[in-house]
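Working notes, structure below.
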């Protein structure tokens, strides 16, 4: 679910009031692991209304991940800033007339108007926002959203490439689990003999060397214990779950949640195998199985 996609674009727009504006932009999409789909959009205030559509396009392509969509927009340098300086000529004329009147009355010494000083008077020069009109925004939207789709293509491709690498790693984990399962199936054959030896030892301790237990009674107890210690059902289910994991990886698509569920089942069977183990070898195999299953589960968190 980790990936990155970037697309740069540009356009020239014409507003309702005439004139053209040159624009350049960049879409950057980043995705990291998450249980669900969490989308964060960072758009300029000029186009904040686009967010629902941007989210919709991302949701249509991605199922899981924490996704950040960042769109940076710039005006071309030759177009100047988004604000411009405007001289209040009416106010400027009033100041010039006032100076002339004061000079005629002898209240001030006649001097040529100093433009620098006049421009410093509050109200002579004002800043006016050159906010693009809706026609410009609509023109930007067409090209910008096409580039968003291209950035999504790049992001999906990056996530797919990561997925291919993870699938290869998951197959290795499954091979290790399958190898341990084969060892467990072989180790299970030693369970009955180990049970018989343990039962004989316990009987000898309890009877303190007294009258031995009859073979018939011993066979009954062994049969009961062997049934409880039989791990064939667990190993069969483990084998079935491993086969199902391989099938899901081969099918592709969004299989993360299904594999996560199968990991829970694999771990449950491994726990039961450990609890039924009579020999130390089978116990060690069960513990190692749980370790490999946990590694498999951790890697699954990285796929959709």
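Every number in this text was worked out from the coordinates using simple rules, so none of it is lab data. Here the structure is a predicted model, which is why all the values come from computation and not from measurement. As a convention, Cβ positions derive from the backbone with ideal geometry for all residues, glycine included, and neighbour counts pool all protein chains shown.
Here are the numbers:
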read-out	value
Packing-based ranking, highest mean first, of 59-72, 262-275 given that Cβ atoms within 10 Å are counted	262-275, 59-72
Sites residue 291 and residue 237 - FRET efficiency at Förster radius 25 Å, r taken between beta-carbons, to 0.05	0.85
Packing-based order for 292-301, 242-251, using average beta carbon neighbours within 10 Å, highest first	292-301, 242-251
FRET efficiency estimate (nearest 0.05) - Cβ-Cβ, residue 32 to residue 283, R0 41 angstrom	0.60
Cα-projected label distance for residue 103 with residue 133, points at 7 Å along beta-carbon direction, nm	4.3
FRET efficiency, residue 55 to residue 264 (Cβ-Cβ, R0 30 Å, nearest 0.05)	0.40
